[in-house]
Every structure is written in structure tokens, then in C-alpha cells.
Amino acid sequence: NSLQGIYGTIPKIYGKGDSAKLVYQYMSRMKNETCPDHKSSSQIASQIDTCLLLDRNVDPITPLLTQLTYEGLLDEFVGIRSASCKLPASIFKSDDNKGLSDPQEKRKIILSSNETLFSEIRDKDSRLVGPLLVKKLDHIKEVYDKHKNRETSVAELKVFTSNLPQLVAQKDSVSRHTAIATLVKEKCQDLDFKELIEVEQGIMFSDSGIMNLSSSLEIDKTIPFIEDCIAKQHSIEKVLKLICLQSVMNNGLKQKVLDNYKREIIHTYGYQYLTTLVNLERCGLLTHPNARVMPSIKKTLKLTDPDFDFRVATDIFSSYDGYAPLSVRLAQFLLTPGWRSIDEVLKLLPGPKFEQRQDIASALQRRNNVDDSLSVFGNENPQVVLIFFIGGVTFGEIAALRTTHWEMS
Amino acid sequence: GVPLTHHQMQSLTIKVVIDRLIQRNLWPIAARMCDHLCIPEEEGASRVKKHWACWKVAQQDSIHISDEMLAAKIKQKLQDTPGISYADIARKAIECKRPELAYQLLNYETRASQQIRLLIQLQRYNAALEKAVANGDSYTLYDVIADLRDYMPALNFQSLITSNKKALKYYLKYLKYWNRDMLFQMHGQNDDFISQGLCRVEDSFFDITVENKITSLKDAKMDFMRGKGQGEFLQSVTEEQIKLYRCQQSLEDELRSPKSFVGLSIHQTIVKLVCDGQDKKADNVRKEFKVPERKYWFMMTAGLSSKRDWDGLEKFSRSKKSPIGYVPFVEACLKYDQKHEAEKYIHKVPPEERVKPYLMAGDLEKACEQAYVNKNVRELIRVLERCGTANRNVSERIHGYITNLQ
């Protein structure tokens, strides 16, 4: 409600999910309370065209996957809170330290879009980041070296010195991120991590629900892998994420398989996880076999692309190496060609969907004149869409939102 | 009309004049004055109309009109004026002992907090709860629930809260932290035996002695038996846990190390026993809980390696053909930086699977050679990924191998 007070009333609101509907109801109620009649309502021209409210449980898949963007991996390994993270100070070589830094000491790094370099690399697949940083470093070295020879004119030198602080900042930025990227790369080389990603991809790309050879092979490989993870006492979050992913993507697990997992978890990690397991079942992340909806959702929304090559393209599939986050796909379909075309699939997803319009005076509406011949500006204003995830969002999804090609009809 | 000089008006101030007009029930004149003087509606017309409404409410002779119609009439007159607080008018109605009228008026009030407070005062508990739930503000809802619990007789409160699903959820959550006994009862009322059982399970973790824990769990088992769905699984798992507690208690007594085993999982218990050198006891536990061989071998490697018992580990690895292969042995050794030991086990790994352990040990040369011998391009690429600038010769070699194989 306060947002609407600042940016103006949003004319079109779409939503999917129980909580989304509730949020909308609270929103309109609050609006009615603060300005019971239209005379005193906000007089600000609306700057947002559409608002999309999405329940987290509409897309439970994406948070269960390991994020593969630079920022996403940092979050997986170290945890990013309030746009900053803490890293061991020892990875940053600095001339005055020379190895005297305490290995336990952590340094706080702020990650924001204001830093040009970071905003360039944050959403890319982390394997692309290394070479990119090397290129940038080379470029900076070039600029430095250009002015080392004595033939530079005074004018050129002047330009150079005026640009110097920028250049130094860039160099700092590059060396800082090189250190961080090296750390991320090391952790990615860990064989356990590699196997985890392979298994995740196996679950995502198998033709679930259709009992053909590939899906039963996948299950044959995944179950022993998970059991071994348990036996080796890998982190329980990792194990729980994997079995939930398996359950969601396969429309539920067979009774025997499920009971086996549960028993193994309690035997290995302890009885205290009993309530956790019951809760997971209650909220639908871990279930017995139920309606086979996943294959048609996957197909209609084109969630996976087995031929995706991260070196070639940067688009909606980049964040998870071949998987397009369901939530982002819904947003994409909303704008082009509209949710009516995927009505069937929307019915398969949990929670009601709704579409509302909030009335605002025509004078306050955002100008999106395309055909207006009297318009002074040749281009149309880009549409502004506010997407609100109720229940949290992953960095991978944010990255996918940035890298998706938004086509407007 | 009442003549008024400019001077008088200035000394009285406009507000006072209007007030006096209102006091004399001369609302039309007051309203016109406000209009004429262009006083903002909140200060002017609203006050006038509100006063009129309050007066109307207090009128004894309007009793013959039904309360509903009276409220509607008031609403009609006041419709276009912003800033009207129906709650205040309703308050006046309560004062005049006309609760039904107040209730009708409250329906028009837009501010939920005001509405709810007065509804409770009117003892319209059902309506108050529903409005609180619809409002969506959890703090208000908790306050309302607390108030209702204080004002309503217990049984009525119980039935009210169970009938409203959303409010029930909030209430249960509240009880979880503040009144677990009540929580237990509520679950019982809803025939939710599984939740009851889980309550007892959670309580058992707060019990200090093992005997008390077992008692709680036995009760939990009874609850699970009555529950549907997952009840059976929960029952058998709880049974195992009781057995485990007993087993751990006797271990603690025999080994004279109090508080060291109770609370661990089966897996952790066995690993600890091995680590403490109690192999025979570990084996007993394995038999009692029918631990599958594969898992047992993992536990043994974990226990022996954390004890740094490399000879013991080797002896164990020779005891029979390993059901888990020898890669876990390699992993265990490398975890404690025993590269020399790890190499012994790499030789036991069949050649097709040797690349991974070589990589784990950081032996890139051997890994690349092995991958070439295996004629496996994928594995070669894996080794290549691990080569940094320090291993240029290895990466060159790998490129050569890859071209050879393709």
C-alpha cells in the first residue's frame, strides 16, 4: 500500500496462489481504509503498469535446485545477506598483509549493482566469469602500458590522469572479484559438488511420469546416490533438498522408496528430524504418488532444454544450466501472449489465479503510446512490471528475470 | 437568524461559532456556514454531521424505527462526507444502550481496528473474530484471540476458535510456545492424533532422564496408533527409538560414560563406539538394529579414520570384499591428509573407476594417464578442468590424448 502511495496506483494486478489472493485482498482493504472514497486517493501518476503476485508454492522446484550463476553460487557457498557477504580475508592478497592475516578473519564484501563489474558478472553462469575477468584485467593493463612509453603527448597524459581514479577503482574491483571467483571455482571443482549437480540435472531432465527407460534409469541412479550421501553423513539440507526435488519432479515417490528415505534419515541424523519429515509431507514437498501433472507442465512451459549450451547463449536457461525457473516462465507468459494461452497448465498449479484492475483516473495512467501520431517521443516507454514473490525468491530467479528476453506483443 | 458582528466572530473564532450552532442542534445552518467559509470537510461538515448522528441515536422517540433502518438512514445522510468515524457514532449508541444499532453502524466502519474493538465490547465475538481474520494483521488477530479467551467462557471459546480455520492456526501456533498442555488438548479436540503424538515427541526431548523420555515416547506411540495415514510408520520408528534409548542407556552404564550416547542417532552411536575402540559393542548394535552391511561399512570407515587407526582400517578393508568399493576408504584417508594411506586403497579400486580417486588425491598426472588407458574422453575433460596454470604440461598432454581418441 505504501508503495502505491509513492509510485501511484497500479492498474493491472495478476496473481496465482492462495497467499497471492490474500495479499491482494489485504491490499485493497488497506486502500479502502486509508482513503474510503476516491477523491482523496493518490494523485500521483502511476509508474508501474502491472503487478504480479506469485505464491512460493506455485514454484517449489526452483529453490530446491543449486543456483549456478556467480551471485547464486556465492549465496550457496557463503550466504548473501542484505547484499553483502563475509569471506575469509586471506583470499585477498594485499601488499601490506603478506600472509600475516589470520585465516579465521572474515572480511565483509558489499555486492551491489553500483559496482559496474559486479552487475555485469553476477547473473552469468559462473564458468563464464573467469575468462571474462582475465579479459578485463588485460584490458586495464593495456591502458596502463599505453602511457608508459615516452611518446604520449601532454594532452593524452592529462586525459589519462583524469581517468586514473576510475581506472584504479576498476582494477580494485577486478582483483577483488578475481579472488572471489577463484574461491567459487575451487568449491565448484569439489567432486561431491559436481556429482550433486549431475544428479540434479538427471532428475530435471528425465522424462518424469512416463515410465520409460530413461526415467527408471534416472531413479536407479538417484536413489543409491542419495542413500550414499546419507551414509556418508552429508549435510541434511542437501539430502532433504534432493529427495524433495525428486518427489516434486516425479509427482510423488513410491511408498517403499519414501519410507526407506525417511527411515534412513532418522537412523542416520537422529529422531529429532521426525517432525521435519512430517511437516515436509504436510506441505506437499514430499508425497506419495499423486496426479501426474509434471510432464505436461514441463512440456507446455518448456521448462528444460537439454541442448542448452552455456557458452553460446545467455537467457532464461542460464541460471540453472538448462532449466527455466517456473515462476519466471509464468511471468514471461503473462506478458506475452497472456495467461489465457496456458490456462490448462495454470489449473494444474496450486492455488487460484486472479486478474484485477484497479481504477485510476485516465489522466494518471502511464503513457504507452505506440501509435499516437502526436507523440513527441518516437519510442514507446517500456512497460514496468512489479513482480512480488510471496515466500521469498532465489538469486537464480532474479538473474533469470534479468537475462530473459522479454518480447512484447 | 442570529445576527453576529464580525468583531464577535473574530473573538469567538469560527470553530467556536460552529460548535455553538451544533450545540443548539442547528445543523443545517452550521453545515451551510462550513460550506460558505470553505472549511475543510474533516473539520467542518464532518463534525456537524457526526453530532447530528449522535443526537439522532440518542433520540428516544426514534425507537419505533428498526435499528437497521435507522443505521441505513444515517449512512445515507453521511455517505458523501469523508472522515466520518462510524465507530464514534456506534460508541454513542452503546452509551444510549442501543447495542443492536451500534452493531449495524459498525458494519459501515472501514477501519478494522476500531470495528473489532467495539465488536468485542458488544460481545459479538464471532463477528469480531471473522473481521480480525479478514483484516490480515497478525498482531491484531493475536490480540483479539487473547481478548476472546479472557472474556468468553471456555467452552464457547473452544468451539468458536475451532470453527474458524484460520484463527485456529494462529491459536495453535501461539499455544506451541506458551501453553503446550492446551495445545495437546486442542489437537485432541480436532481428532488430530498424529499432532498429539508429535507434541509428545517434542516434549520427550525436554525430558532429562531416559526413563521419562521412554514414557513420553510410549504415550506418543499410543497416539500414533490411533492416527491415520502416516501413523503406522511413525509408530514403528518411535518403537525403534525407545529401543535405542534403552540400548544407549545400558552402553553408558557399562562403559561408565554418562551422557555420551543418549541422543545420538543409530549411525552416530556406532561410529562413536568404533571411535572409542568398542568394536564388539558396535557390532552388537548393528545386529540389534539390523543395519545393512553397506551402511555399516561406511560407519566403520568413518569411525576408524576419525580415530586415525590406519592399521585398523587396513585390516578391516581386508576382512572381506568391500560392499562399498574402496573409494570411500580413499576419501576417509584424504580427509585426514593421509595421502600415503589413500594410495594403498586406490590400487584396490578397479581401473575403470580409478580416475575419481586420483583426482581427489590431487594426482593429476596419474589421473590423466588412467583416463587415457580407460579410453574415456569425458574423464579426460574432467581432469583437464582441474588443471590450472601450474599443470600446463599435463593439460597439453590431455589435449593430445583427446585428439588421439577422437
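The values are calculated or read from the model by the stated rules, or taken from the named source; none is laboratory data. Every value quoted in this text rests on a predicted model; they were computed, and no experiment measured them. We place every Cβ from the backbone using ideal geometry, glycine too, and count neighbours over all the protein chains shown. Note: accessible area is taken over every heavy atom of the protein model, side chains too, but ligands, DNA and RNA are not part of it. Shrake-Rupley method; radii C 1.70, N 1.55, O 1.52, S 1.80 Å.
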Of the residues in region B:118-142 that are part of a helix (DSSP H, G or I) and within 20 Å of the chain's Cα centre (by Cα), the one that is nearest to residue B:174 (Cα to Cα) is B:142
Hey, any hits in region B:386-402 for a residue that's in contact with a helix residue (DSSP H, G or I) (Cβ under 7 Å, 6 or more places away or on another chain), within 18 Å of residue A:191 (Cα to Cα) and surrounded by fewer than 20 Cβ atoms within 10 Å (Cβ to Cβ)? yes
Selection status of residue A:235, among the small types (Gly, Ala, Ser) and open to solvent by 40 Å² or more (accessible area, probe 1.4 Å): yes
Only residues that are open to solvent by less than 20 Å² (accessible area, probe 1.4 Å) and either in a loop (DSSP other than H, G, I, E, B) or within 10 Å of another protein chain (Cβ to nearest Cβ) (or both): list them for region B:243-264, please. B:244, B:245, B:261
Counting just the residues of region A:14-50 that are at pLDDT 80 or above and over 24 Å from residue B:138 (Cα atoms), which one comes out farthest from the chain's Cα centre (by Cα)? A:49
Name every residue in region A:232-262 that is within 14 Å of chain B (Cβ to nearest Cβ) and farther than 13 Å from residue A:288 by Cα, in order of residue number. A:232, A:233, A:234, A:236, A:239
Please go through (1) touching a residue at least 12 places away in the same chain (Cβ under 8 Å); (2) surrounded by fewer than 17 Cβ atoms within 10 Å (Cβ to Cβ) for residue A:249 and return the number of the only condition it doesn't satisfy. (2)
Reported set for region B:349-364 where residues are in a helix (DSSP H, G or I) and within 12 Å of chain A (Cβ to nearest Cβ) is B:355, B:356, B:357, B:358, B:359, B:360, B:364
So if I check each of B:131, B:173, which one is within 14 Å of chain A (Cβ to nearest Cβ), over 25 Å from residue B:74 (Cα atoms) and at pLDDT 80 or above? B:173
Among B:185, B:189, the single one that is modelled with pLDDT under 80 and out of contact with any Asp or Glu (no Cβ under 9 Å at 6 or more places or on another chain) is B:189
Can you tell me which of B:210, B:201 is in contact (Cβ under 8 Å) with a residue 40 or more places away in the chain and under 29 Å from residue B:238 (Cβ atoms)? B:210
Any idea which of A:187, A:124 is surrounded by 13 or more Cβ atoms within 10 Å (Cβ to Cβ), among the basic types (Lys, Arg) and within 14 Å of chain B (Cβ to nearest Cβ)? A:187
Which listed residue, of B:211, B:240, is open to solvent by 60 Å² or more (accessible area, probe 1.4 Å) and either of a type in the set (D, E, K, R) or within 14 Å of chain A (Cβ to nearest Cβ) (or both): B:211
Within the bounds of region A:291-298, is there any residue that is part of a helix (DSSP H, G or I), touching a strand residue (DSSP E or B) at 6+ places or on another chain (Cβ under 9 Å), buried (at least 17 other Cβ atoms within 10 Å of the Cβ) and charged (D, E, K, R)? yes
Within region A:270-287, can you find the residues that are within 11 Å of chain B (Cβ to nearest Cβ) and open to solvent by 10 Å² or more (accessible area, probe 1.4 Å)? A:272, A:273, A:275, A:276, A:279, A:281, A:282
Consider only pairs whose beta carbons are under 7 Å apart and that are at least six residues apart or on different chains; among these, list those whose first residue lies in region B:89-101 and is touching a residue at least 24 places away in the same chain (Cβ under 8 Å) and whose second residue is open to solvent by 30 Å² or more (accessible area, probe 1.4 Å) and part of a helix (DSSP H, G or I). B:89/B:50; B:92/B:58; B:94/B:121; B:96/B:58; B:98/B:67; B:100/B:67; B:101/B:67
Considering region B:107-117 alone, what residues qualify as being in a helix (DSSP H, G or I) and within 14 Å of chain A (Cβ to nearest Cβ)? B:112, B:113, B:114, B:115, B:116
Tell me, yes or no, whether region B:331-343 has at least one residue that is aliphatic (A, V, I, L, M), farther than 22 Å from residue A:224 by Cα, surrounded by 12 or more Cβ atoms within 10 Å (Cβ to Cβ) and within 13 Å of chain A (Cβ to nearest Cβ). yes
Does residue B:293 satisfy the criteria of being without any contact (Cβ under 8 Å) to a residue 60 or more places away in the chain, away from every other protein chain (no Cβ under 12 Å) and open to solvent by 20 Å² or more (accessible area, probe 1.4 Å)? no
Counting residues that are under 37 Å from the mean Cα position of the chain (by Cα), which helices (runs of 4 or more DSSP H) fully inside region B:266-324 reach at least 2? B:266-275, B:279-288, B:293-306
Which pairs turn up if I take residues in region A:46-71 that are among the aromatic types (Phe, Trp, Tyr) and look for partners that are assigned to a loop (DSSP other than H, G, I, E, B) with beta carbon separation below 9 Å, at least 6 apart in sequence or on another chain? A:70/A:122; A:70/A:123; A:70/A:124
When region B:265-290 is examined, which residues are found to be more than 9 Å from chain A (Cβ to nearest Cβ) and either open to solvent by less than 10 Å² (accessible area, probe 1.4 Å) or in contact (Cβ under 8 Å) with a residue 60 or more places away in the chain (or both)? B:269, B:270, B:273, B:274, B:282, B:285
Exclusive hit being assigned to a strand (DSSP E or B), at pLDDT below 85 and open to solvent by 50 Å² or more (accessible area, probe 1.4 Å), set A:383, A:356: A:356
Please pick out the residue among A:280, A:258, A:285 that is at pLDDT 85 or above and touching a helix residue (DSSP H, G or I) at 6+ places or on another chain (Cβ under 6 Å). A:285
Hey, residue B:367 small (Gly, Ala, Ser) and either more than 12 Å from chain A (Cβ to nearest Cβ) or not in a helix (DSSP H, G or I) (or both) or not: no
In region B:311-323, what count of residues is obtained for those that are within 14 Å of chain A (Cβ to nearest Cβ) and open to solvent by less than 20 Å² (accessible area, probe 1.4 Å)? 1
